[in-house]
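Have a look at the structure below before the remarks.
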Amino acid sequence: MNESRETLADSSSTPANIRDMTLDEVEQMIATAGERPYRARQILHWLYARGAESFDEMRDLPSSLRQYLKQNFKLGAEALSFVSRSTDGTRKILIRLADGEEIESVIIPSQDRVTLCMSSQVGCALACEFCATARMGLHRNLTAAEMLSQIYAARRELAAGPSRGAAIEDLTNYVFMGMGEPLANYPRLIRTLTIMTADWGMNISPRRITVSTVGLVPMMERLLGEIPVNLAVSLHATTNALRDRLAPINKRYPLEVLLDACRNLPLKRRARITFEYVMLAGVNDSAADARRLVKLLAAMKGKVNLIFYNPLENSPLETSTRAAVEAFQAILRNGNLTATIRESRGLDIAAACGQLYAEQHSPAAN
Ligand code: SAH
């Protein structure tokens, strides 16, 4: 796969979305239009610092340039969004895209932060046994503009009404843990992260962004070389036999390859990889599993996040008891691993981990 030179031309029949473009590209476009280079930053400032929603608002641009932009580019976001609000403050945003596909994002407020859980694809191709999105299969990749539209939709929702009890009313953290495998949509993910973190873009610190991957090894290495975001790796198993079953991509990048790559990633000095581990009763939650995990992650700059499994319909998998999760955590801690437990949020609105699944795609069996 060599998509790094991906261009915007793949949507040739429709006008390019200006929110897909980086500074370089806007500068090139401006040169083509015969305008002065500084206009590029001016346009991006309108878009990302001032939140312009139309080219007409960009009053200090010459009207000929505004005209040119209107004729050749769209700036619009998604078509429609719907919000479900959980009793615990979590809110799920369903966004209908221009072609009718749907994605979900989740706003998760906590004491000191408001996290946006973002989708990177419509559906997913990676077929993890315990994940609802996997059941959709992969419909398509999201464009950068579509990924970013989740941030706008979330900001609109937060501006419309505060979460009960939340002290902070703006997004503080961004996690690519929604629908899809972000590293399977690599060029557009990089484009999205570039726009999110650039000074001409949204100016978000990469330390506030986490990309979660099931372990696409070559892309993990490239990602951290390009943008120093936080990395989370969905591990879930301590043997290849089990991981092959739970996360079939393990057949391509088995545990020893994945963990070796993790050990050699270009991490910033104090950065650590988060290893996500969904707790499945009788499957991966024994004391022996915990001890194996300690061994596997020895000498790793990492920490473990234990996740209660959110049950899927028609699945034999069951979530571990709280006692089992705590016993597992205790073994990790005794082995000198940092291990936290992720509490489920938004269960009542199917917004919890692994529950994102656009309803219209329900299999015929339902
Ligand atoms: N494809 C990426 C990002 C999406 S999944 C990845 O695999 O990391 C984000 C997290 O949700 C992962 O840790 C995944 O294991 C977890 N998850 C998926 N299904 C779940 C379920 N049914 N219950 C709890 N967590 C789940």
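The values are calculated or read from the model by the stated rules, or taken from the named source; none is laboratory data. Because the structure is a prediction, the values reported are computed rather than measured. When we count neighbours, we look across all protein chains shown, and the Cβ atoms used for this are built from the backbone with ideal geometry, even at glycine. When the accessible area is computed, the model is the full protein with side chains, heavy atoms only, and any ligands, DNA or RNA have been set aside. Shrake-Rupley method; radii C 1.70, N 1.55, O 1.52, S 1.80 Å.
If you go through region 97-151 and keep only what is within 15 Å of the chain's Cα centre (by Cα), hydroxyl-bearing (Ser, Thr, Tyr) and closer than 28 Å to Gly51 by Cα, you end up with Ser105, Thr115, Ser119, Ser120, Thr143, Ser149. I'd like to check something: does region 318-338 contain any residue that is open to solvent by 90 Å² or more (accessible area, probe 1.4 Å), within 15 Å of the ligand (Cβ to nearest atom) and at pLDDT below 95? Among the residues of region 318-338, not one is open to solvent by 90 Å² or more (accessible area, probe 1.4 Å), within 15 Å of the ligand (Cβ to nearest atom) and at pLDDT below 95, which makes the answer no. Would you check if Ala154 is within 15 Å of the chain's Cα centre (by Cα), hydrophobic (A, V, I, L, M, F, W, C) and closer than 30 Å to Gly34 by Cα? Answer is no for this residue.
Take region 194-212 and flag every residue that is over 24 Å from Val26 (Cα atoms) and open to solvent by 20 Å² or more (accessible area, probe 1.4 Å).
Here is the first cut: in region 194-212, the residues over 24 Å from Val26 (Cα atoms) are 207-212.
Across region 194-212, the qualifying residues are Arg207, Arg208, Thr210.
Can Ala237 be described as out of contact with any Lys or Arg (no Cβ under 7 Å at 6 or more places or on another chain) and among the small types (Gly, Ala, Ser)? Spelling it out, it is not the case that Ala237 is out of contact with any Lys or Arg (no Cβ under 7 Å at 6 or more places or on another chain) and among the small types (Gly, Ala, Ser).
Looking at region 213-230, can you tell me whether even one residue there is free of Cβ contacts under 8 Å to residues at least 24 places away in the same chain and open to solvent by 10 Å² or more (accessible area, probe 1.4 Å)? So far as region 213-230 goes, yes, one or more of its residues are free of Cβ contacts under 8 Å to residues at least 24 places away in the same chain and open to solvent by 10 Å² or more (accessible area, probe 1.4 Å). With respect to Ala127, determine if the residue is near the ligand (Cβ under 10 Å from one of its atoms), modelled with pLDDT of 95 or more and open to solvent by 20 Å² or more (accessible area, probe 1.4 Å). So Ala127 fails the test.
Of all residues in region 245-256, none are open to solvent by 20 Å² or more (accessible area, probe 1.4 Å), of a type in the set (Gly, Ala, Ser) and farther than 23 Å from Ala327 by Cβ. Condition first: open to solvent by less than 30 Å² (accessible area, probe 1.4 Å), within 16 Å of the ligand (Cβ to nearest atom) and in contact (Cβ under 8 Å) with a residue 60 or more places away in the chain. Can you find one or more residues in region 133-151 that meet it? Within region 133-151 (the criterion being open to solvent by less than 30 Å² (accessible area, probe 1.4 Å), within 16 Å of the ligand (Cβ to nearest atom) and in contact (Cβ under 8 Å) with a residue 60 or more places away in the chain), the answer is yes, since at least one residue qualifies. Any idea which of (1) more than 25 Å from Val233 (Cα to Cα); (2) in contact with a helix residue (DSSP H, G or I) (Cβ under 9 Å, 6 or more places away or on another chain) is the one Thr213 doesn't satisfy? (1) is the only condition that Thr213 fails.
So which residues in region 222-257 are closer than 25 Å to Tyr309 by Cα and touching a helix residue (DSSP H, G or I) at 6+ places or on another chain (Cβ under 6 Å), if there are any at all?
First, the residues of region 222-257 that are closer than 25 Å to Tyr309 by Cα: 230-256.
Result: His236, Ala237, Thr238, Asn240, Arg243, Asp244, Asn250, Lys251, Tyr253, Pro254, Leu255.
Within region 20-30, being assigned to a helix (DSSP H, G or I) and surrounded by 13 or more Cβ atoms within 10 Å (Cβ to Cβ) holds for Asp20, Leu23, Glu25, Val26, Glu27, Gln28, Met29, Ile30. Each residue in region 272-293 was checked for being in contact with a helix residue (DSSP H, G or I) (Cβ under 9 Å, 6 or more places away or on another chain), closer than 23 Å to Asp260 by Cβ and open to solvent by 30 Å² or more (accessible area, probe 1.4 Å), and 1 of them qualify.
For first residues located in region 196-211 and more than 18 Å from Arg113 (Cα to Cα), partners that are open to solvent by 30 Å² or more (accessible area, probe 1.4 Å) and not small (Gly, Ala, Ser) and lie 6+ apart or on another chain with Cβ distances below 8 Å form the pairs Thr197/Asn203; Thr197/Pro206; Trp200/Arg41; Trp200/His45; Gly201/Thr194.
From the set of residues in region 269-292 that are touching a residue at least 12 places away in the same chain (Cβ under 8 Å) and of a type in the set (Lys, Arg), which is farthest from the ligand (Cβ to nearest atom)? Checked region 269-292; the qualifying residue farthest from the ligand (Cβ to nearest atom) is Arg291.
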